[in-house]
Amino acid sequence: MELHPSLRENVCLLGEQLGQIMVSDQGSAFLERIEGLRGLSKSVHQGDDGARASLIDQVRQLNDDELVSVARAFTQFLNLANIIGFVRRAEILRTVTRILMRRRFPDYFSRSCRPIAQRPSLRCLLRCRSISS
C-alpha cells in the first residue's frame with residue numbers, strides 16, 4: 001500500500017524524532033537493533049521467507065528486558081503512525097464535507113453567518129417569546 005506523500009513525510013518525521021529519543025534513552029546500538037528488526041519485518045511483509053526466519057531468530061535471542069524495550073519502541077511508532085492517519089482522515093473528511101455542503105447548499109455558509117436577529121425563523125421565535133413574557 002502506497003502512502004499519501006504528506007502522510008509518509010509526517011510518519012518519517014515522527015519516526016526520526018522517536019529514533020532520537022531512543023538513542024538518548026537506550027543508545028545508538030538499541031536504535032540499530034530496532035531498525036534491523038524493522039527492515040526484516042518489512043521484508044517479511046513483502047514475502048521474503050529468509051527474512052522471516054532471521055526475524056524469528058533475532059527476536060528469540062532477546063532477553064526479557066530487551067524484548068519489552070523492543071515491543072515498546074514498535075508500539076510507540078505504531079501509535080504515532082495511527083495518530084497521523086487519524087489526523088489525515090479527519091482532514092479529508094473535513095474537506096469532503098465542505099465540498100459537499102457547498103454543492104448541496106451553495107449559500108449555506110453565507111446564510112449561517114448572518115446575525116441571529118436577521119434569520120426569519122429565529123425572528124419569529126424571538127417575537128413569540130417576547131409576547132409570552
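The values are calculated or read from the model by the stated rules, or taken from the named source; none is laboratory data. Just so it is clear, the model here is predicted, and its values are computed rather than measured. Counting neighbours? That spans all protein chains shown, and the Cβs are built from the backbone with ideal geometry, glycine included. In case anyone asks, the SASA skips ligands and DNA or RNA and just uses the protein heavy atoms, side chains included. Shrake-Rupley method; radii C 1.70, N 1.55, O 1.52, S 1.80 Å.
So, in region 58-97, exactly how many residues are more than 21 Å from N10 (Cα to Cα) and either surrounded by 12 or more Cβ atoms within 10 Å (Cβ to Cβ) or among the small types (G, A, S) (or both)?
8
So S6 clears everything in (1) touching a residue at least 24 places away in the same chain (Cβ under 8 Å); (2) surrounded by 12 or more Cβ atoms within 10 Å (Cβ to Cβ) except one condition, right? Which one?
Only one criterion in (1) touching a residue at least 24 places away in the same chain (Cβ under 8 Å); (2) surrounded by 12 or more Cβ atoms within 10 Å (Cβ to Cβ) is unmet by S6, namely (2).
Name the single residue that is farthest from the chain's Cα centre (by Cα) among those in region 20-51 being more than 25 Å from R8 (Cα to Cα) and open to solvent by 80 Å² or more (accessible area, probe 1.4 Å). Give the steps one after another, and end with the answer.
Restricting attention to region 20-51, the residues satisfying the condition of being more than 25 Å from R8 (Cα to Cα) are 25-27, 29, 49-50.
From what is left, the residues that are open to solvent by 80 Å² or more (accessible area, probe 1.4 Å) are 25-26, 49.
Details: D25: 24, Q26: 26, D49: 30 Å.
Once the filter is applied, the top-ranked residue is D49.
Inspect all residues belonging to region 77-85 and state whether any of them is more than 21 Å from S6 (Cα to Cα), at pLDDT 90 or above and under 27 Å from the mean Cα position of the chain (by Cα).
No: region 77-85 contains no residue that is more than 21 Å from S6 (Cα to Cα), at pLDDT 90 or above and under 27 Å from the mean Cα position of the chain (by Cα).
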